[in-house]
Amino acid sequence: MLAPLTVSLLVASGVLGLIAGHHLVRRRRVDDLLLLVGAAIELGLVVQLVHGLTQAGAIGDGSERATFVAYLFTVLVILPVTIYIAIKEKTQWSMAVVLGGAVVVAILIARVQQIWSLNA
């Protein structure tokens, strides 16, 4: 996997989590900055998906390869769903959903990197 991309995605997920946490404390809703950071993360995740799919053959164990590919596809869905929920939800707790989504994305990215490091 591309280590700089993985680190960038982890940092961006942390930034998204901080923005969502700030909005949660201040009782603010979705704004342009949050959407922009989410879109940048999604773009990076698409690049990671394409690169990961082209390199997945290097993982010898079939079950680990399947897990790796499943994580690559699953992580793409998390942020759009959480941001959609945040837009539809009109309370302050919508930012808690985005914060949770940012944490899940960071965990899945770390797990993808872990599978890659152990098997490729």
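Quick notes
- Calculated [θ] (222 nm, deg cm²/dmol) that DSSP helices of n ≥ 4 give over the chain, each run adding -39,500 (n - 2.57): -30000 deg cm²/dmol
- Unit charges on C-beta of K, R, D, E only; dipole of the chain, Debye: 440
- Helix 3-26 vs. the chain, principal-axis angle (Cα, 0 to 90°, nearest 10): 20
- Using C-alpha pairs below 8 Å separated by at least 6 residues, the relative contact order for the chain is 42 percent.
- Estimated at 0.36 nm per residue, the fully extended path between Asp32 and Thr67 surpasses their Cα-Cα distance by 9.2 nm.
- Relative to the longest principal axis of the Cα atoms of the chain, the long axis of helix 32-55 lies at roughly 10 degrees.
- Loop exposure criterion: trypsin sites (Lys or Arg not before Pro), DSSP state outside H, G, I, E and B, at most 12 other Cβ atoms within 10 Å. Applied to the chain, the longest stretch between such sites is 28-89.
Bear in mind these aren't lab numbers, they're just calculated from the coordinates by the rules spelled out. Everything quoted here is computed from the prediction, not taken from an experiment. Cβ sites come from the backbone with ideal geometry, for glycine too, and all protein chains shown count toward neighbours.
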